[in-house]
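A.B. asks: Here it is: the structure, laid out below.
The values are calculated or read from the model by the stated rules, or taken from the named source; none is laboratory data. All figures in this text were calculated on a predicted structure; none of them were measured in a lab. With ideal geometry, Cβ positions are generated from the backbone for all residues, glycine too; neighbour counts draw on all protein chains shown. For accessibility, only protein heavy atoms count, side chains too; no ligands or nucleic acids. Shrake-Rupley method; radii C 1.70, N 1.55, O 1.52, S 1.80 Å.
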Amino acid sequence: MHNQIAVQDTYPEDFAHCYGCGARHATGHRIKTFSADGETVTEYAPGSIYTGAGEFAYGGIIASLIDCHSTGSAAIFWMREHDIEIGDEPAARFVTARLEVDFVAPTPLGMWRLVGRAEEIGDRKVIVKTDLQVNSVTTARGRAVLVKVSRHHEGA
């Protein structure tokens, strides 16, 4: 089972407007990423406007969700490494320095499950590997290099 608090719900108010993961973005995806048994999990069902060919999703939505899942995952992994519980304070914020996505099979619309694992956790950099799964089949794999945003840039 996963932690019941989504990391995105603990982002600082002035940094919660991301289209993909910001809880304060009125029309965005507002994904929720949870800690689950040493991994991270996001479940999301994209709407039919995200089709590419027939019942399959277009690659941009896949890359976007892997990106935002990875930034939330980086916060979770970094906080875990520093013995900070989700919800005890505003989450650390990360931005993407590099994103690689491999499309390994067509991705049908429906319920998607993104599962993240930490490859590396440093003081300011976290590398996250993410699998996007539909009905337990991996259709895309991502690897993201994420950098912790300093408090100076957060407006604090």
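A.B. asks: Condition check: over 11 Å from the mean Cα position of the chain (by Cα), open to solvent by less than 80 Å² (accessible area, probe 1.4 Å), of a type in the set (Ser, Thr, Tyr) and modelled with pLDDT of 95 or more. Does THR130 satisfy that?
C.D. replies: Values: over 11 Å from the mean Cα position of the chain (by Cα): no; open to solvent by less than 80 Å² (accessible area, probe 1.4 Å): yes; of a type in the set (Ser, Thr, Tyr): yes; modelled with pLDDT of 95 or more: yes.
No, not satisfied.
A.B. asks: Tally the residues that are within 18 Å of ASP131 (Cβ to Cβ), assigned to a loop (DSSP other than H, G, I, E, B) and modelled with pLDDT of 70 or more, restricting the search to region 16-34.
C.D. replies: Residues in region 16-34 being within 18 Å of ASP131 (Cβ to Cβ), assigned to a loop (DSSP other than H, G, I, E, B) and modelled with pLDDT of 70 or more: 2 in total.
A.B. asks: Continuing with this model, one more query. Could you tell me whether region 35-58 includes any residue that is modelled with pLDDT under 95, open to solvent by 70 Å² or more (accessible area, probe 1.4 Å) and under 19 Å from VAL7 (Cβ atoms)?
C.D. replies: yes
A.B. asks: Under the condition of being open to solvent by less than 70 Å² (accessible area, probe 1.4 Å) and modelled with pLDDT of 75 or more, which residue from region 6-15 is farthest from ILE86 (Cα to Cα)? Before you say what the answer is, go through the steps one by one.
C.D. replies: Initially, region 6-15 is screened for residues open to solvent by less than 70 Å² (accessible area, probe 1.4 Å), giving 6-8, 10-12, 15.
Right, trim to modelled with pLDDT of 75 or more and you get 6-8, 10-12.
Numbers: ALA6: 8, VAL7: 6, GLN8: 10, THR10: 7, TYR11: 10, PRO12: 13 Å.
The selected residue is PRO12.
A.B. asks: Provide a single number: the residues in region 59-73 that are hydrophobic (A, V, I, L, M, F, W, C) and buried (at least 24 other Cβ atoms within 10 Å of the Cβ).
C.D. replies: Restricting attention to region 59-73, the residues satisfying the condition of being hydrophobic (A, V, I, L, M, F, W, C) are 61-63, 65-66, 68.
Right, trim to buried (at least 24 other Cβ atoms within 10 Å of the Cβ) and you get 65-66, 68.
Count: 3.
A.B. asks: One residue is enough: does region 91-101 have a residue meeting the conditions open to solvent by 70 Å² or more (accessible area, probe 1.4 Å), in contact (Cβ under 8 Å) with a residue 12 or more places away in the chain, more than 27 Å from THR27 (Cα to Cα) and out of contact with any Leu (no Cβ under 7 Å at 6 or more places or on another chain)?
C.D. replies: No; the residues of region 91-101 include none that is open to solvent by 70 Å² or more (accessible area, probe 1.4 Å), in contact (Cβ under 8 Å) with a residue 12 or more places away in the chain, more than 27 Å from THR27 (Cα to Cα) and out of contact with any Leu (no Cβ under 7 Å at 6 or more places or on another chain).
A.B. asks: Then there's this: Within region 77-102, work out how many residues are of a type outside the set (A, V, I, L, M) and either in contact with a helix residue (DSSP H, G or I) (Cβ under 6 Å, 6 or more places away or on another chain) or under 16 Å from PHE15 (Cβ atoms) (or both).
C.D. replies: Just the residues of region 77-102 that are of a type outside the set (A, V, I, L, M), to begin with: 77-78, 80-83, 85, 87-90, 93-94, 96, 98, 100, 102.
If we keep only those that are either in contact with a helix residue (DSSP H, G or I) (Cβ under 6 Å, 6 or more places away or on another chain) or under 16 Å from PHE15 (Cβ atoms) (or both) as well, we get 78, 87, 89-90, 93-94, 96.
Looking only at that region, the number is 7.
A.B. asks: From the list THR96, THR71, which one is among the polar types (S, T, N, Q) and in contact with an Asp or Glu (Cβ under 7 Å, 6 or more places away or on another chain)?
C.D. replies: The conditions single out THR96.
A.B. asks: Here's another thing I want to ask about it. If you take the residues in region 40-52 that are part of a strand (DSSP E or B) and in contact (Cβ under 8 Å) with a residue 12 or more places away in the chain, which one is farthest from ALA105 (Cα to Cα)? So that I can check it myself, show each step before the final result.
C.D. replies: Of region 40-52, the ones part of a strand (DSSP E or B) are 40-44, 51-52.
Cutting the leftovers down to in contact (Cβ under 8 Å) with a residue 12 or more places away in the chain gives us 40-44, 51.
Working: THR40: 22, VAL41: 20, THR42: 19, GLU43: 19, TYR44: 18, THR51: 15 Å.
Across region 40-52, the extreme among qualifying residues is THR40.
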